[in-house]
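A quick write-up on the structure given underneath.
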Amino acid sequence: MSKTQSFYQSILQNSTLVVKVSGKICDNQQSIENVIGDIKELLSTITKLKVVLVFGFGRQLDHYMKNVHQIEPKKVNGRRITSQDDIEAAKKISGQILIDIFSLSSRYNIRNFPIPISKKDFHRCQKKRCS
């Protein structure tokens, strides 16, 4: 093991690592597979490491809304103005991506990778006013 590997192993041991991947990565099978492979390697190398994978899907949501519902996404200063239609589409799109991630984690033999969520895991948010 190199000094660099040993250094990161000592820092990440008994930690939770949050990995955020963009919708662009989730849109490419090889890219998301590479991420899952890297997570597998980390989990097999670092003792008691927990990984939380957060994925984006804005690109997929925009595409779905344009092509399926013929609705142009509403954005102000790059921020999505979320409608009820967006929320329903987001459930569908995120569910599809989640199934792909679960499938890959199973193929890579990553145990306990999918973390079930519960009400306590959500944060309260307030509607932001756009000017």
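Simple spin-label model, 7 Å along Cα-to-Cβ: Asn28 to Lys92 in nm?
2.6 nm
Relative contact order, percent, of the stretch 16-111 when contacts are C-alpha pairs under 8 Å separated by at least 6 residues?
Computed value for the stretch 16-111: 32 percent relative contact order.
The numbers here are math on the coordinates, done by the rules we state, and not lab data. These numbers were taken from a predicted model, which means no experiment stands behind them. Every residue, glycine among them, receives a Cβ derived from its backbone with ideal geometry; neighbour counts consider all protein chains shown.
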